[in-house]
Amino acid sequence: MPWCEPCERFWNPSSVTVEGACPTCGAPVDAPSELDAAARQRVPWHFWVFLAAAAVYLGWRAIDGIALLF
């Protein structure tokens, strides 16, 4: 767990800097593992659901718009 001794404060793994330092004082708290770094940079699943829904909607609107021309 990321604990900063000088600040006497617990930090969430997503709160510390990429280097694993305290955002307040800059002291090293916990070296983030590669798995933690990959999890922080991953795009949330609901973004992909929104992107798919937007693509379906815009595709349908394109088909509907083309159908109005003929």
Expressed in nanometres to one decimal, the distance between label points 7 Å along Cα→Cβ at Ser14 and Phe47 is 1.2 nm
The long-range amide H neighbours of Cys22, using H built 1.01 Å from N in the peptide plane and a cut-off of under 5 Å, are Ala27, Val29
In whole Hz, the Karplus estimates of ³J(HN,Hα) for region 19-27 (6.51, -1.76, 1.60; θ = phi - 60°; x where Gly or Pro) are 6, x, 9, 5, x, 8, 9, x, 6
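Each value in this text was obtained by applying a stated rule to the coordinates, not by laboratory testing. All figures in this text were calculated on a predicted structure; none of them were measured in a lab. Because the Cβ atoms are built from the backbone with ideal geometry, glycine has one as well, and the counts that use them run over all protein chains shown.
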